[in-house]
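The values are calculated or read from the model by the stated rules, or taken from the named source; none is laboratory data. Note that the coordinates shown come from a computational prediction; the quantities given were computed from them, not determined experimentally. No Cβ is skipped: glycine too gets one built from the backbone with ideal geometry, and neighbour counts run over all protein chains shown.
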Amino acid sequence: AKPLVIGFSQVGAESEWRTANTVSIKDAAKKAGVTLKFADAQQKQENQVKAIRSFIAQKVDVIAFSPVVESGWDTVLREAKAAKIPVILTDRAVSVTDDSLYVTFIGSDFVEEGRRAGKWLLEHAKNTAPDGTVNIVELQGTVGSAPAIDRKKGFEDVIAANPKFKVIRSQTGDFTRAKGKEVMEAFLKAEGKKINVLYAHNDDMAIGAIQAIEEAGLKPGVDITIVSIDGVKGAFEAMIAGKLNVTVECSPLLGPQLMQIAADVVAAKPVPKRITTQEGVFPAEIAAREFPNRKY
Amino acid sequence: MSLSLSDTGAAPAPASARVSLAPVLELRGICQSFPGVKALNNVALRLYPGEVHTLMGQNGAGKSTLIKVLTGVYTPDQGQILLDGRPIRPASTLEAQQLGISTVYQEVNLCPNLSVAENIFIGRYPRKWGQVDWGAMRRQAADLLKQLQIEVDVTAPLARYPLAIQQMVAISRAISVSARVLILDEPTSSLDENEVDLLFAVLRKLRAQGMAILFVTHFLDQTYAISDRITVMRNGEREGEYTCAELSRLALVNKMIGAPADAADADIVDAAGANGGAPAHTGGTPFLRARGLGRKGALAPLDIDLRQGEMLGLCGLLGSGRTEAARLLFGADRADSGAIAIDGTERGFQSPRDAIAAGVGFCSEDRKHEGAILELSVRENIVLALQARGGLLRAIPLQRQQAMAREYVQALGVKTASIETPIGMLSGGNQQKVLLARWLATAPKMLILDEPTRGIDVRAKQEIMDYVAALCRKGMAILFISSELPEVLRYSDRVVVMRDRKACGEYQRGALDETSVLQVIAAGEHSA
Amino acid sequence: MTTLAPRGRALLASPYFTSLVTLLLLLVLLGAGGVAYPGLLAPQVMLNLLIDNAFLLVIAVGMSFVILSGGIDLSVGSVLALSTMVAATLLHKWHVHPLLVIALVLALGAGLGAAMGALIHYFRLQPFIVTLAGMFLARGLCYLISINSITIDDPLFVLMSRTQLGFLGGYVSPGVVVALLVLALAIYVAHFTAFGRTVYAIGGNEQSARMMGLPVARTKVLIYACSGACAALAGVLFAFYMLSGYGLHAQGTELDAIAAVVIGGALLTGGYGYVAGALSGVLVLGTIQTLIAFDGTLSSWWTRIVIGALLFIFCLVQRVLAMGAAGRTRSLP
Amino acid sequence: MAARGPLAATSATSAASAKSVTSALSSLVAIFVRHPLARPVAALALLLLLDLLLVPDFFRLTLRDGHLYGSVIDIVNRAAPLMLAALGMTLVIATRGIDISVGAVVAISGTVAAMLIGGTLTMDHGVPRYVSNMPMGWALCLAMGAALLCGAWNGLLVAGLGLQPIVATLILMVAGRGLAQLLTDGQIVTVYYQPFFFIGSGYLFGLPFALYLVAAVFAVTALLMRKTALGLFIEAVGINPVAARLAGVRTATLVFFAYLFCGACAGLAGLMISSNIKSADANNAGMLLELDAILAVTLGGTSLAGGKFSLLGGVVGALIIQTLTYTIYSLGWPPEVNMVLKSVVVFLVCLSQSPESGKMWRRLFPRRAQGDAA
Ligand SMILES: Nc1ncnc2c1ncn2[C@@H]1O[C@H](COP(=O)(O)OP(=O)(O)OP(=O)(O)O)[C@@H](O)[C@H]1O
Ligand SMILES: Nc1ncnc2c1ncn2[C@@H]1O[C@H](COP(=O)(O)OP(=O)(O)OP(=O)(O)O)[C@@H](O)[C@H]1O
Ligand SMILES: [Mg+2]
Ligand SMILES: [Mg+2]
């Protein structure tokens, strides 16, 4: 039979996580014998729309994409539907008026990730600092981006349960190490020893911040508890070195699942509307054991 | 010294019988200062309808500044401008234009990217259905230029034409406005006699129609040929106002320089006077030998020999190719045929640097675009070429730079607040002197001077030319281009006449006079 | 060399010629693409080029005037984002009538532009910096309104988004029609009105333009107002296209627009070029992207490298051809 | 005026001397006010003053492990790459150009260095061990070589081919980051090699080493401008390239070297950044650094139209930007207002530098201005 043709529009290559995501999809496609049309949008929604239009023009079998933003997909998805091409979302959801515009959404739930980070912190604090107030500083992702908004929200939802937990500073670190370090330096100067916990929206910012903490003469992971999200290799290294306390996994390895679902969709098998990826929470204690298994 | 005169602010009544009306435009007690300079001090001026009023003064006397004050470029510190007896305060050139004052400034102020026709009509297009009527504009522009006997492609961008043509375009623009006051700041500085005559014919016509014309020039001949009255300025003050008839040339020059009535040597005013008396140079190998130097569409292959200690004049009419020849000799444009030999060895000039390395200097006619580096100081402008030849690393010590700058400022009589003043703040003529100094400072073996005395006042002109002639006698080879035919004939040892972008004759000193040159040009053939 | 042109002479032939060269190269690019990737030349793919880039075209048209006048406007991308944001908020939260919303947004864009123009002219500030600050400001205002994206569900906007106007065996969006109308209007304005010619004059030599008595102040303010209005209109088209308002929309679009205008044959130093060049420039950028999408094998970084390489080849050929043409007619350095 | 009070009272002679002191002082003040750097420096001082008032302990410096530690140190340390980029950009801008590929060059040089020095974390029986790939000197040379290559490429396009600077450098801006990503496969390369960290976060005599690097580059450049004719030539080319060429200045070569220098500065900045975060992030390193650098140059009073330039101005501009950023971080305001705040400050600084605003001020408040003059 003719090999399946999937058009995949990726957000870009803005982080290691994203690159791992791309690699996973490409590898899985190769393994599944699928012809993959890959288009990089360089963080621009309009580029994704263009790519999807060109997939429609090329009459691919399935269109998959990780939307840059949630909204604004109605028109082009309608065109895909008119051309009878099924659409699968990965990693991030879209908000459209008509649910039938896409078949399914595979990916993590950013709000849930924030919640898990919060929950872990509540548990952890129960053991270490049962009754003192906990001052938290937060390193947000890029202002306005979906993970930044959701991870902040999920985390806040959970810690709101305990009035002793206070976010005393929150500033954007643009998801990068350099910014994370820079902002953390400023936090340390402004708040000094008051800071008990750092919550970073991704590992890279946390790694940058760890350096800032060390340079300030404090012990990351000990003097300041550090919670971050993603679970990239660097985070595991930091945990092994005892500098990071926990990372909440956000798995980029969606490739195999995507290929499976795509095949099912084309074969007209029913698929669930929402497929959440299997993700864990990795505290420092199990980091060394887990490290060899990490793929990204 | 002339305070009493200008204090009253009242100018003597117009002498010319034709002008007996009230003045159209009157300035009273105008003061304008710039950081470090009092450019205008209590200046008065009256301009009557139907007269040509010439403003004269040495370089830096304040003529251009006065005009800029008058037309809204600067707002004066003090003083009044009256138009028809009513005080006005033009805040911009646009306002001045709307008030009926049309101006050609000293530096050509046109847009190089626009077509010739548009440069004449922009701002007041012929319109059809409310939109720009390109056809009509083209026709009207061509007609207008034809009056001045200029045949150019009016749809071509202005930048394609040499400075002189641009000057004519600017003049056309100004006179095509039906204004009441026309101001021309050194419009003739780069025009040849033919063009000047045409311009004057137009001015006379306008004068007859009752237009008031304010005219600035450094040419005494022109002053006496066209003006009714003369206002003399000196050092930012009004020296006095005179009718043409009551002021002899000598007296005029003396008033300009502020010397007693009998001080100036008659030589200055006597343009056709004898030359420096140096013998014509012949024999020996030429310092520069160009053979078949040409460039398609710009210059027909040309042969030039130039010996050390010789001054070779290039004459011809507007656009005859003199500037093109100079640029090819200097490597500013690349020749597509011919060869140049310096001191007998063949040299291909790929760029000005090559020429400079071989000891050649080139003072361009277009000082605004090709000469002055406006924001740099006088000192920096003077040392630039020398430094460029010396190379990046061998910086000339500051002391030497200053000494050099001071020396030339003094030698050429540059009027400047200090040697650290940006050259853009100098008057036009003084900028020209600085640029000349730039090349003199390199002590070249050969100097190409393209309209070197453009915009320089009568006295300074003679001083400079004498200075150059002295250098020439000491062994410098000089290629001298000037639109002022008498000047060329007076100083050159040999003259090459050009026409239609090719050389049409070469003559030794004395073999030609003005009329015969014009004949040669008209005939367009070798007659010798 | 463009920046170092002697006597301004070298430029003479180039602007007109560069535009032609651009067009020619565009055709070559498309032809080569058509051979390599069958289906690329399908009518709808070509029309998609217009549909997807309508907003960019509108911005580039506004940018053309700015660049022709010798300025630059870096704020367009964020003004676009701000207008989508304002439009979305007004529609979603305040339920303002859509037509009024469009009018308000256009006024906002023009107002922002005019304010920047006034700063540039009256305070003699540098366009680059003023519009850079304007870019921060507009983007910042977006976040102040909301950091989330806001969906637009107004019926008129939805209608504009869904409408497909049949054309040449395919269809175009209303946005394309608007953009082409804007382009036509701009060409008219640039070549047949006093305003347009004054823009060229200012680009040629601002001081001369002032000395010639042209209304430099008014024109300059208007130029930036126009650019702002175009950016806002592009925002409206973008809102039609995306049905959402978002602070992160159209990041880096200002560079795309500048590149489009320059590729279309305009000189950044001002005075030379044609507004119509904006279309060819936009199409070139769009074609490069389409080619890459049709290829479909490039990784993210290869995508960047290939875009860079294509840009380079394009500029190189353009430059060499233009240099040849200039060499034939006039002198060069 | 300030000197009038106490001095004038004593005696007649001292009153006379006071007068001369006052006039000397006021002329000194006038010189300072008229100095091109006066306004940028004043803007910086004002920002610092604000910090003094708003941020507790802003100026406190403590000695820790033999090095100074405090907000001010953070600011200059963090501004170091920006200052370098601004130095390079100043020269490019002075020649009427612009270089928007600075960020990409930062990514490339950082990546090359990090990959060549590299080092991997290996687990030897549960003990982490760091291994480096190449002698650091070589790696740094190669990284700088890559940056110089980038600069040369830009210079070639601008000076050799005559492309417009913004498009010429746009090419590298787009492709350069792609090249860096290609080298790393889009991954962040972490460096595990202690000596390398010294460049970006080491301390020498109590001060960050990066500062010495900036100072060295600044000093060398300033010295070149002083002791050679480079400054004169660059300004001449920037103001009037045609006239400069006719005067015999090698315009093309000069422009080429400006871009080369800018590339080198960006490369060094890249080393600093990647050394500071102990890794090379090809995706994000130096993102938008070019805009900040241009902003710094203009805030320092250099015109984008080319010509007259001030190296120190660029440095001051960079400090203004970094101080502003730091202030925003320290004030604890939500990140949503960052951009608006930044834009407002930029507007204000620009306005304060415009001579026109002085005139306008005098027109609006003519009374006060007259009073001042009297
Ligand atoms: N913008 C300016 N800034 C500072 N000084 C100026 C400025 N413009 C003119 N000056 C000075 O004012 C004086 C008068 O200059 P102006 O241009 O009026 O002379 P001019 O009579 O036109 O001379 P020329 O015959 O050389 O054209 C000169 O000393 C000049 O240096
Ligand atoms: N009257 C004219 N009609 C048409 N073209 C002209 C005229 N005068 C000059 N030109 C243009 O001038 C060019 C030659 O200019 P060039 O500068 O070499 O002449 P020139 O003898 O130095 O004149 P000028 O005295 O104006 O400097 C020609 O290519 C032509 O385009
Ligand atoms: Mg003058
Ligand atoms: Mg000439």
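What the table below lists for this structure:
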{"quantity": "Residues of the stretch B:206-221 satisfying the condition of being more than 23 Å from B:E26 (Cα to Cα) and either assigned to a strand (DSSP E or B) or away from ligand 1 (no atom under 16 Å from the Cβ) (or both)", "calculated": "B:D221"}
{"quantity": "Failed item, numbered, when C:A115 is tested on (1) surrounded by fewer than 21 Cβ atoms within 10 Å (Cβ to Cβ); (2) at pLDDT 95 or above; (3) away from every other protein chain (no Cβ under 13 Å)", "calculated": "(3)"}
{"quantity": "Residue check for B:S227: more than 16 Å from ligand 1 (Cβ to nearest atom), among the hydroxyl-bearing types (S, T, Y) and under 28 Å from C:G204 (Cβ atoms)", "calculated": "no"}
{"quantity": "Within the stretch B:99-121, considering residues that are hydroxyl-bearing (S, T, Y) and more than 16 Å from ligand 1 (Cβ to nearest atom), the one nearest to B:E370 (Cα to Cα)", "calculated": "B:S115"}
{"quantity": "Scan of the stretch C:262-286 for residues that are more than 10 Å from every other protein chain (Cβ to nearest Cβ), farther than 12 Å from A:N47 by Cα and outside any loop (DSSP other than H, G, I, E, B), ordered by number", "calculated": "C:G277, C:A278, C:L279, C:S280, C:G281, C:V282, C:L283, C:V284"}
{"quantity": "Filter result (of a type in the set (G, A, S) and within 11 Å of another protein chain (Cβ to nearest Cβ)) within the stretch C:235-261", "calculated": "C:A239, C:S244, C:G245, C:G247, C:A250, C:G252, C:A259, C:A260"}
{"quantity": "Residue among B:Q166, B:Q149 that is more than 16 Å from ligand 3 (Cβ to nearest atom) and on the phi > 0 side of the Ramachandran plot", "calculated": "B:Q149"}
{"quantity": "Residue, nearest to A:W73 (Cα to Cα), within the stretch C:139-167, restricted to residues that are part of a loop (DSSP other than H, G, I, E, B) and of a type in the set (S, T, N, Q)", "calculated": "C:S149"}
{"quantity": "First in the stretch B:439-454 and more than 14 Å from every other protein chain (Cβ to nearest Cβ) and without any contact (Cβ under 8 Å) to a residue 40 or more places away in the chain, second anywhere and among the small types (G, A, S) and within 16 Å of ligand 4 (Cβ to nearest atom), Cβ under 7 Å, 6 or more apart", "calculated": "B:T453/B:S482"}
{"quantity": "Subset of the stretch A:38-65 [surrounded by fewer than 23 Cβ atoms within 10 Å (Cβ to Cβ) and more than 9 Å from every other protein chain (Cβ to nearest Cβ)]", "calculated": "A:D61"}
{"quantity": "Residue in the stretch B:462-482 that is modelled with pLDDT of 90 or more and within 14 Å of chain D (Cβ to nearest Cβ) present", "calculated": "no"}
{"quantity": "Positions within the stretch B:357-385 being more than 7 Å from every other protein chain (Cβ to nearest Cβ), crowded, with 24+ Cβ neighbours inside 10 Å and either hydrophobic (A, V, I, L, M, F, W, C) or free of Cβ contacts under 8 Å to residues at least 24 places away in the same chain (or both), in sequence order", "calculated": "B:V360, B:C363, B:V378, B:I382, B:V383"}
{"quantity": "Residue within the stretch B:485-493 that is under 28 Å from B:N235 (Cβ atoms) and touching a helix residue (DSSP H, G or I) at 6+ places or on another chain (Cβ under 6 Å) present", "calculated": "no"}
{"quantity": "Residues (among the β-branched types (V, I, T) and in contact with a Gly (Cβ under 9 Å, 6 or more places away or on another chain)) located in the stretch A:6-57", "calculated": "A:T19, A:T22, A:V23, A:I25, A:T35, A:V49, A:I52, A:I56"}
{"quantity": "3 or more residues within 25 Å of the chain's Cα centre (by Cα) and within 13 Å of ligand 4 (Cβ to nearest atom): qualifying helices (runs of 4 or more DSSP H) within the stretch B:304-406", "calculated": "B:322-330"}
{"quantity": "Any hit, the stretch B:123-144, residues being within 13 Å of chain C (Cβ to nearest Cβ) and either within 16 Å of ligand 4 (Cβ to nearest atom) or crowded, with 24+ Cβ neighbours inside 10 Å (or both)", "calculated": "no"}
{"quantity": "Boolean, A:G7 is facing chain C (nearest Cβ under 8 Å) and surrounded by fewer than 24 Cβ atoms within 10 Å (Cβ to Cβ)", "calculated": "no"}
{"quantity": "Pick from the stretch C:131-147, criterion more than 7 Å from chain D (Cβ to nearest Cβ) and of a type in the set (A, V, I, L, M), ranking: surrounded by the fewest Cβ atoms within 10 Å (Cβ to Cβ)", "calculated": "C:I145"}
